[in-house]
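What follows is calculated from the coordinates using simple rules that are stated; it is not laboratory data. Source: prediction; values computed, not measured. No Cβ is skipped: glycine too gets one built from the backbone with ideal geometry, and neighbour counts run over all protein chains shown.
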Amino acid sequence: MFSIIDRYIIKKFLTTFFFMMGVIMILTTVFDLADKLNDFLQSGATWNEIFFDYYLNFILLYGNMFSAMIIFISVIWFTSKMAQDTEIIPIWNSGRNFGRYIRPFMISATLLMLLSLVVNHLLVPRANKVRLEFEEKYYWNSMEVSDYHAEYPGNQVVYFSSYSSSTGFANDFTVEQWDDKGNMLSLLHAKSAEENDGKWTMHDCFIHHYGDPKDRIVEKHKIDTSFQFVMSDMAKRSNAAEAMSYSELKEFIEKERKKGSKQVPTYETVLYERSSLPFSTYVLTIIGVAVASRKKRGGIGVNIALGLGIIFIYIFAMKVTSVAALNLGFPTYMAAWLPNILFGSVAYLLYRNVQR
């Protein structure tokens, strides 16, 4: 059973969180709308598409992405207000230890964490699919890919130097065919190549067939052919993983790994952060309660400033681990969870200190 104090803290927690979430999302939407509205209208987007296809899903994505940090600021705010109004001292003087005092905070954090997990794994991928389709249609001018390299089934290795969706051409397009023993059978090189409905057209190309005594080179102005891959397999935006469900993303990562894609760490980071970010709610809640539960001479402003400093360090830690995973080979699951582990240690130390 919840006591009156438990219900009071839970109500304070949830109402402050949803109020701050609403204010922050309104401000974020207004700034984004001011930046992109002209592009949307010039591209022919309707108001219905702008608000329901784009901004409704925009709010769902970013609101959930930053929910743990908004929770932290909310805890700092209303807990500091309780401390300044001398509401916390009577609770502690009643004989409650810090573990019992923090229980309603953790109950509220659990509700919001579970909500975030559900939204992250079930709703956000579907919402992102609609949002990204809108952006592709009305906002992005073209997709650019450079220095592409991948291996495909059938012992085929594909290279091209650049591709632009505005022209539809891949430049310096090369396909190598190998046998199972690691011997090159043929090399097809084209100055440019384009794909339409699975059919490839090569321009200014030559084919080198390897094998003594059948080694020969064939030059042609144009070749029409087909492959097991299409351009949509190669030309994907880095945020394409955001629109995939858990199973789809796992399967996609495995395919990209077999192709030797350099984007695999990026996709794996997206996968692991879907769980790690919601769980950071617990860590940040404990830190927030520990920091804000004592009345300070500077008032609420001191706690808010301290809270913003902690958030800055947390975001910095996330960026450092992400860069290490993308560029230095740091394990992606550790990159996603290490900030929670480090700040979890800080939360434990603060928890023990407050108890004393």
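Things worth noting here:
- Note on W92 and F2: their simple-model spin labels are 2.4 nm apart, each label 7 Å out from Cα toward Cβ.
- Projecting the Cα atoms of M231, N141, I287 onto the charge dipole of the chain, computed from C-beta unit charges around the Cα centre, puts I287 farthest toward the positive end.
- Magnitude of the charge dipole, the chain, Cβ model with Lys/Arg +1 and Asp/Glu -1, debye to 20: 2520
- Over 18 Å apart at the Cα level, from the set K181/K262; K129/K236; K199/K222; K259/K319; K258/K319, are K181/K262; K259/K319; K258/K319.
- Relative contact order computed over the chain (Cα-Cα under 8 Å; 6+ residues apart), in percent: 20
- Average Cα contact separation per residue, region 144-234, under 8 Å, 6 or more apart, as relative contact order %: 19
- Exposure proxy for K259, K295: other Cβ atoms within 10 Å of each Cβ, ordered fewest to most, give K295, K259.
- For region 142-178 versus region 247-313, the gap between their alpha-carbon centres in whole angstrom: 35
- Ordering T266, T86, T285 from the fewest to the most neighbouring beta carbons within 10 Å gives T86, T266, T285.
- Treating r as the C-beta distance of R352 and V302 and R0 as 22 Å, the FRET efficiency rounds to 0.50.
- Degrees, to the nearest 10: 264-292 long Cα axis against longest axis of the chain: 10
- Sparse packing (at most 13 other Cβ atoms within 10 Å of the Cβ) combined with a DSSP loop state is found for the following trypsin sites (Lys or Arg not before Pro) in region 129-227: K181, K214.
- Net lengthening on full extension, Y333/K295 (0.36 nm per residue, minus Cα-Cα): 9.8 nm
- Counting only residues at least eight positions apart within a chain, or on another chain, the lysines with an alpha carbon under 16 Å from that of K36 are K137.
- The lysines within cross-link reach of K295, meaning a Cα-to-Cα straight distance under 20 Å and a gap of 8 or more places when in the same chain, are K12, K81.
- With 0.36 nm allotted per residue and the present C-alpha distance subtracted, the H208-R126 stretch has 25.0 nm of extension available.
- Model label sites at K199 and V30, defined 7 Å from Cα along the beta-carbon direction, differ in position by 5.4 nm.
- Modelled spin labels at T15 and E151, positioned 7 Å past Cα toward Cβ, are 6.1 nm from each other.
- Net length gained if the chain between D233 and I107 were fully extended (0.36 nm per residue, minus Cα distance): 40.9 nm
- The three principal axes of the Cα atoms in region 53-119 give end-to-end lengths of 52, 23, 12 Å, sorted in falling order.
- At an R0 of 35 angstrom, the distance between the Cβ atoms of V218 and Y246 translates into a FRET efficiency of 0.15.
- Using the Cβ-Cβ distance between Y62 and T167 with R0 set to 30 Å, the FRET efficiency from 1/(1 + (r/R0)^6) comes to roughly 0.35.
- Burial ordering of E176, E133, fewest other beta-carbon atoms within 10 Å first: E133, E176
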